[in-house]
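Okay, structure first, notes after.
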Amino acid sequence: MILAWVISLLLLCSSLIVCLERLNALRIVEVKTMEASQKHFIAAEKSVLDCEKNLTDLANLEENTCFIQSVGKNRWLISSKEKPAIQIGVVIDETTGTVNRINWRQVFE
């Protein structure tokens, strides 16, 4: 009887170890996925920021990493080409030529 009890405890401990190993593997995948997503998000934000800074002088952009659309008088939508797509709305002040961000959103497909 004691032998059956000891065997059942060993089986229970081994199944607990298997579950903990699976949980740790999932946690590693989660962390790597979050790191990759953050890198892509930061790269998309940098490209949009670069386009925003050079909006009044688009000839200075070495490569066009954004979609730029006019949505009215001195209002522009700038969207990143990279995933995740980020879209910002900006207004250009006529007197000073400064670009002011009025909204920000992440574009979902």
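Observations on the structure shown:
- Nearest-10 value in Å² for the accessible area of Arg105, using the 1.4 Å probe: 120 Å²
- Calculated FRET efficiency for the pair Glu21/Met1, C-beta based, R₀ 22 Å, to 0.05: 0.10
- Within the accessible area of segment 9-57 (1.4 Å probe), percent carbon and sulfur: 69 percent
- Summed over the residues of the chain and divided among them, the accessible surface reaches 77 Å² per residue at a probe radius of 1.4 Å.
- Semi-axis lengths (Å, descending) of the ellipsoid that matches the C-alpha gyration tensor of segment 6-62: 53, 6, 4
- Helix-only [θ]222 nm of the chain, DSSP H runs n ≥ 4, -39500 (n - 2.57) each, per residue, nearest 500: -18000 deg cm²/dmol
- Share of pairwise Cα separations in segment 3-109, more than 18 Å, in percent: 62 percent
- Taking the charge dipole of the chain about its Cα centre, with +1 at Lys and Arg Cβ atoms and -1 at Asp and Glu Cβ atoms, the residue from Ala43, Asn74, Ala4 reaching farthest to the positive side is Ala4.
The values are calculated or read from the model by the stated rules, or taken from the named source; none is laboratory data. Predicted model, so just to flag it, every value in this text is computed and none were measured. All Cβ positions, glycine included, derive from the backbone under ideal geometry; neighbour counts span all protein chains shown. Accessible surface areas use protein heavy atoms only, side chains included; no ligands, DNA or RNA. Shrake-Rupley method; radii C 1.70, N 1.55, O 1.52, S 1.80 Å.
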